[in-house]
Amino acid sequence: MHPAPLPVIFDTDPGVDDAMALYFALAHPGIELLGITTTFGNVSVAQATVNALYLLEIAGQKIPVTQGVATPWVKTAEAPPAHIHGADGLGNLPQRAAVKQTPDPRASAQFIVDMARARPGEITLVAVGPLGNLSLALKLEPKLPELLREVIVMGGTILEPGNVSPVAEANVWNDPHAADAVFAAGWKLTLVGLDVTHRLILPTTLFRQIAQHHAHPATATLLHAVEFYAHFYSQRHPQVAQIQGCFGHDVLAFIYLVNPELFTLALGAVRVATDGLAQGQTIMNRNPSANYPQAGWEASRPLIQVCLQVQADAAKTVFEQTLMRPWLH
Ligand code: RIB
Ligand code: CA
């Protein structure tokens, strides 16, 4: 008998790799998506909500979608990266089918709190955008760390260079104050950052094979979006250009959920630099026995798990086998 699927809330800024992650979650029999909470990031929050609803509609799925934070906590918002994900977040789709489902009227943070209170200790939150919704939910319900089973964040980097500055990863860069609050909240939290997501290169040919295997609007849309996204990554990273593909960033957060044995973890306190040249840097104390005198590194600070290595070929196989399953009708 299969174990019961894991109930998950997906906090996201779709976004091409967010779309890959969403379809992985819908296709995987071990995951039950309870809701999608949107945030600004790859696109405006309004567009993120439109995209979440659209991706669900064309995949024939009805799941609550709530709209979340539109701006960072403190820093000034930046223009979305249209050159990476397209102006619409999905590689500039030439046309879109009509969408019937409308958003749940609650704010994303309120939805997270309501669901966590209704199912205490059961829900995993997978967050793959800037962390404003989680930090707001913590303000609404300070006991949230006890009410959620686990939080998995695609964000940050420890040893790998950053992707928006020499040291900063995009999701953390977009709201460093929110990320610092989330990393300090004291829940079971795992960071799936660039240290591992830069190891998962997904070739465009794989998405073409998926679209041929399932001839369906959902896989055709994903292929279109990936072709746009892969063009950006192939120009910028020689190791991606060789394969003609893209990084699968957000997908790895879900692969960690279902196959944690593929990852090597380190445990430590993590802080985020909120301004200056290092803004957005995720700094990990990897020497817990050191007694650093600066404020911020007290022994009482919560420890979080950070993924430092991944068995990338095995992760790619998990992605491929999952998307090839009969999940579309
Ligand atoms: O740095 C990668 C992250 O930034 C991913 O979540 C991607 O979708 C973008 O938001
Ligand atoms: Ca994302």
* Starting from the amide H of Glu122, placed 1.01 Å from N in the peptide plane, find each other amide H under 5 Å away whose residue is 5 or more places distant or on another chain. => Arg149
* To do: Which order do the peptides 194-204, 166-176 take when ranked by the mean count of other beta-carbon atoms within 10 Å per residue, highest first?
  => 166-176, 194-204
* Asked: Calculated FRET efficiency, Ala299 and Glu261, Cβ-Cβ r, R0 45 Å, to nearest 0.05?
  -> 0.90
* Structure fact -> Rounded to the nearest whole number, the per residue volume of the convex hull around the C-alpha atoms of the chain in Å³ is 132 Å³
* Asked: Peptides 90-96, 7-13: what's the order by average Cβ count within 10 Å, highest mean first?
  -> 7-13, 90-96
* **Sorted peptide list for 257-263, 108-114, criterion being average Cβ within 10 angstrom, highest first** => 108-114, 257-263
* Return the long-range amide H neighbours of Gln281 (sequence gap of 5 or more, or a different chain), with a cut-off of under 5 Å between placed amide H atoms. => Ala273
* Structure fact -> HN-Hα couplings for segment 73-78 via Karplus (6.51, -1.76, 1.60; θ = phi - 60°), in whole Hz with x for Gly/Pro, come out as 4, 10, 6, 6, 5, 9
* Which of rounded, prolate, oblate describes segment 170-228, given a ≥ b ≥ c as roots of the alpha-carbon gyration tensor eigenvalues and a/c under 1.5 marking rounded, otherwise prolate only if a/b is larger than b/c? -> prolate
* Is the shape of segment 27-121 rounded, prolate or oblate, going by the alpha carbon gyration tensor and its root eigenvalues a ≥ b ≥ c, with a/c under 1.5 for rounded and a/b larger than b/c for prolate? -> oblate
* To do: Pull up all non-local amide H partners of Leu265: gap of 5 or more, or a different chain, and H-to-H distance under 5 Å with H placed in the peptide plane.
  => Leu308
* For segment 25-41, just list the computed ³J(HN,Hα) in residue order, Karplus coefficients 6.51, -1.76 and 1.60, θ = phi - 60°, integers in Hz, with x standing in for Gly and Pro. => 5, 5, 7, 7, x, x, 10, 10, 7, 8, x, 10, 10, 9, 9, 5, x
* Could you work out the relative contact order of the chain, using alpha carbon pairs under 8 angstrom and six or more residues apart, expressed as a whole percent? => 20 percent
* Structure-based [θ]222 nm, the chain - -39500 (n - 2.57) summed over DSSP H runs of at least 4, per residue, nearest 500 -> -11000 deg cm²/dmol
* To do: Per residue of segment 230-246, in order, report the coupling 6.51 cos²θ - 1.76 cosθ + 1.60 (Karplus, θ = phi - 60°) as ³J(HN,Hα) in whole Hz, putting x for Gly and Pro.
  => 5, 4, 4, 5, 5, 6, 9, 10, x, 5, 7, 4, 4, 8, 6, x, 7
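Since every read-out is calculated from the coordinates, none of them should be taken as a lab result. Values in this document were obtained by computation on a predicted structure and should not be read as measured data. Cβ: placed from backbone, ideal geometry, glycine included. Neighbour counts: every protein chain shown.
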